[in-house]
Structures are given as structure tokens and as C-alpha cells.
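Each remark here refers to the structure printed beneath this line.
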Amino acid sequence: MLKEIKNKCCGCAACMNICPKKCIVMRQDSEGFYYPYKNKKECIDCDLCIKICPLSREQSNFTNEQIVSYAAYNIEDEIRNSSSSGGIFYLLSEYIIQLNGVCYGASFTQDMKACHIRATTLDTVRSLLGSKYIQSDIGYMFQSVAEDLKYGRFVLFSGTPCQVAGLKTFLVSQANVSTEKLFAVDFVCHDVPSPGIWGKYLNEFEKAKGEKVTEVAFRDKSAGWSKYHFKFTTDQNAYHISIDSDPYFLAFFNNLDLRPSCYNCNFRNGNRFSDITLADFWGVDRELPQFAADDKGVSWVMCNTEKGLNIIEKIRDRVCIELINTQIASQNNISSTTSPCMPKSRDKFFADINKGKDFYKTVFRYTGHSGLLGIMKKIKRKILK
């Protein structure tokens with residue numbers, strides 16, 4: 001696939017979902033990202049895949065009617081502790097489930113791959129909680145959402161801003177499908193790392209331990225929201241890993257393994273298709289110190305539409321909530337307004353990883369942790385202990 005196409009494709013899979021001949025499939029490239037591939041023999045040149053692409057078409061406007069921001073957290077500690085920030089998503093999902101609706105979001109498969117699923121119970125919704133720092137596989141979930149809406153069900157769909165954009169452009173093309181009962185939730189996205197890199201990292205971890213990972217928490221808060229860490233659970237042990245020394249997080253935070261389109265994201269600065277945007281309210285200790293005192297997590301909730309405002313009102317009695325200044329909140333969360341810079345060494349990093357070079361050593365070298373090379377083995381032993 002041409003580089004200029006990869007720089008634009010966000011991997012939302014809207015094209016695969018819309019294809020009437022099912023001649024488009026999403027396949028991983030050499031970097032581990034999913035891209036659409038077309039069976040030209042089956043293609044009827046309808047161009048629907050191009051017409052609904054949220055990045056190839058010119059967007060005259062987004063769904064945003066207004067942006068009202070809140071600081072909020074779930075008053076139920078058990079749910080709040082299981083969530084990445086304030087536990088607001090669970091309450092939104094609970095409201096939809098109580099209306100006999102369905103919820104869509106990213107979950108882990110048994111082999112620890114991230115994919116979108118359809119949840120009809122609160123037990124299943126729990127698997128959607130927590131950040132997944134991997135690009136999830138959407139599959140044919142857009143078609144499933146359309147079917148639910150067609151039959152009059154309430155639907156909550158959560159995903160990255162580009163996934164929500166892909167869903168919305170897909171649904172516009174569907175006859176006899178109303179989006180009146182659709183609630184779209186996205187989040188402030190740091191950008192998505194490669195599923196392929198995640199797979200290599202996970203394989204090395206399991207090989208070193210001789211154990212199968214059964215659960216992953218990218219944002220474990222047992223030491224506090226502001227001091228979150230990586231947690232692996234196997235059928236034998238639980239491993240707590242500092243994000244400061246973990247190679248997967250180092251590559252992620254240094255922007256080495258991000259999807260090419262993420263370096264020029266079109267869905268920042270209010271350019272969103274969602275009704276609600278969720279994020280960590282970093283800096284809440286300065287703005288609302290009473291909210292941050294217990295260090296259990298506070299959400300920044302942006303209501304982008306009247307529909308978003310209305311659903312927040314439905315859960316207001318279950319949260320501690322206060323109106324905040326959107327600009328102040330965004331200043332404390334740079335990912336809400338700014339795309340990351342692509343490192344000059346990004347292509348070389350992927351090339352070395354694909355050559356089978358030691359994952360830990362390669363990450364430490366490309367993230368500028370050359371001073372750590374002398375103690376790399378010690379760190380690696382600590383991580384895998």
C-alpha cells in the first residue's frame with residue numbers, strides 16, 4: 001500500500017462494512033496495523049468505500065453543537081477503581097442497558113487482542129472498562145450497530161474519535177436507519193500503538209515467564225490514579241510493572257509505534273463526531289483539589305451535543321460533578337489539541353523490530369535511554385520477575 005494512503009487511513013473499517021460485495025478485508029501490514037485490502041476481481045466499482053471514508057471526504061461540519069465541560073467521578077468506588085479515570089463510562093452504559101439497549105466498545109480476547117464487542121449485560125460491559133493502548137479490531141460492528149438502530153434499540157458506541165467518525169459516516173449511508181437512539185462516546189486519544197508491536201511484546205513476556213497472560217490492566221490504580229502502572233495477570237501470578245521502565249510504554253510515550261495517520265489527526269480541537277468525549281482530568285489537583293484528594297481518578301467530560309448533555313443529566317445523581325472551563329482542561333491534556341510528532345527514527349525502529357532484534361534493547365536504544373543500556377539486563381529481570 002502506498003505510503004501517502006497509509007498516512008491518511010485511520011483503520012476505522014467503514015469501507016469494509018459498507019462494501020456490498022464483501023470484497024474488502026482488513027489485514028495487518030508489516031508494522032502490524034490494519035488496512036483495507038480489496039479483491040479487485042469481486043469489486044463492482046461502486047466507490048461506496050471512498051464516499052464514506054471519514055478522511056477522504058470533505059467534512060462540511062462535525063456533530064458538535066456546543067462544548068460544555070465537567071469534572072466528574074463515579075461515587076461508587078469499586079467501579080471507579082476499575083476504570084482508567086472517574087468511572088463515567090460505566091454509568092452511561094448502565095443507563096443504556098436499563099433501556100434494554102446495547103453497548104459497543106473495546107475488549108480483550110482470550111489471546112489478549114483488542115477488538116470491539118457488543119454488550120447486552122453489565123457483566124459484559126465491565127470488560128469494556130479501562131484503557132486499551134492498542135488499536136482495536138472493529139470487525140463488522142458498524143453493521144451490527146445499524147441493525148440494532150433499525151430495530152429501535154438504544155445504542156451506546158464507544159471508540160477512538162476516528163472510529164466514531166467512521167461509524168457516523170457509515171450510518172449516514174444506511175437507508176431506514178435513524179441515529180436518534182445512538183449515543184456516541186469517544187475519548188481524548190494519545191494515538192494508537194501497533195497491535196503487531198503489542199503482540200511481539202506480549203509473546204516475549206510470556207516466553208520469559210513460561211506463563212499465559214489472562215488479564216491486562218494498562219492503568220492499574222492500586223497505587224493511585226496519578227501513579228498508575230501496568231499489570232499483567234496470569235493463571236499463577238500478578239505482575240506490576242512501572243511504566244517508567246516498561247519498553248511497551250516507552251515506545252508508546254515516545255511516539256515510536258503509532259499509526260501513521262495519528263501524526264496528523266483530524267479529530268482534535270473540537271473536531272469530533274461524538275456526543276460525549278471522556279478523558280483524564282489531569283491538573284484537577286490545582287483546579288478542584290477536593291476532587292483529587294483521594295487519588296482515585298477524575299474524568300474530564302465534554303458534552304459535544306445536546307444529546308450528550310441530556311444523558312449526563314440522567315446519571316447526575318450517581319456522580320460528583322462540577323462545571324469547568326474547557327480551555328483550562330485542554331491545556332492540561334495536550335492530546336486533546338495536538339498531534340504527536342513523528343520521530344525520525346520511527347521507520348528504522350519498525351525495521352529492527354521486524355528483523356527480530358531484542359525488543360527491550362531496541363526500545364531502550366530508540367527512546368534515548370542509552371544510559372540505561374548498562375543496566376538494561378537488571379531492568380529486564382525486574383520487569384519479568
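The values are calculated or read from the model by the stated rules, or taken from the named source; none is laboratory data. Everything numeric in this text was worked out from a predicted model, so none of it was measured. We place every Cβ from the backbone using ideal geometry, glycine too, and count neighbours over all the protein chains shown. Surface accessibility is based on the protein's heavy atoms, side chains included, excluding ligands, DNA and RNA. Shrake-Rupley method; radii C 1.70, N 1.55, O 1.52, S 1.80 Å.
Quick notes on this one:
- Hits in region 216-238 - residues which are crowded, with 17+ Cβ neighbours inside 10 Å and farther than 20 Å from GLY32 by Cα: ALA217, ARG219, ASP220, LYS221, TRP225, TYR228, HIS229, PHE230, LYS231, PHE232
- Within region 2-20, tally of residues that are at negative phi and surrounded by 12 or more Cβ atoms within 10 Å (Cβ to Cβ): 13
- Subset tally (residues that are assigned to a strand (DSSP E or B) and open to solvent by 30 Å² or more (accessible area, probe 1.4 Å)) for region 118-144: 2
- Taking region 325-385 and the helices (runs of 4 or more DSSP H) fully enclosed by it, the elements with 2 or more residues that are modelled with pLDDT under 90 and open to solvent by less than 40 Å² (accessible area, probe 1.4 Å) are at 359-366, 376-384.
Table: residues versus (1) assigned to a loop (DSSP other than H, G, I, E, B); (2) open to solvent by 20 Å² or more (accessible area, probe 1.4 Å); (3) small (Gly, Ala, Ser); (4) out of contact with any Pro (no Cβ under 8 Å at 6 or more places or on another chain).
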position: ASP186; (1), (2), (3), (4): no, no, no, no
position: ASP191; (1), (2), (3), (4): yes, no, no, no
position: TRP198; (1), (2), (3), (4): no, no, no, yes
position: LEU202; (1), (2), (3), (4): no, no, no, yes
position: GLU206; (1), (2), (3), (4): no, yes, no, yes
position: THR214; (1), (2), (3), (4): no, yes, no, yes
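- Residue selected from region 86-117 under the condition assigned to a loop (DSSP other than H, G, I, E, B), under 19 Å from the mean Cα position of the chain (by Cα) and not polar (S, T, N, Q), by the criterion surrounded by the most Cβ atoms within 10 Å (Cβ to Cβ): GLY86
- Pairs are defined by a Cβ separation below 7 Å, a sequence spacing of at least 6 or placement on different chains, a first member in region 111-131 that is under 20 Å from SER144 (Cα atoms), and a second member that is β-branched (Val, Ile, Thr) and open to solvent by 40 Å² or more (accessible area, probe 1.4 Å); the pairs so defined are CYS115/THR109.
- Qualifying residues in region 172-184 (those that are outside any loop (DSSP other than H, G, I, E, B) and at pLDDT 95 or above) - the one most open to solvent (accessible area, probe 1.4 Å): PHE183
- Taken over region 226-241, the criterion of being more than 21 Å from ASP294 (Cα to Cα) and either in a loop (DSSP other than H, G, I, E, B) or modelled with pLDDT under 90 (or both) is satisfied by ASP235, GLN236, ASN237.
- Residue check, ASP148 open to solvent by 50 Å² or more (accessible area, probe 1.4 Å) and acidic (Asp, Glu): no
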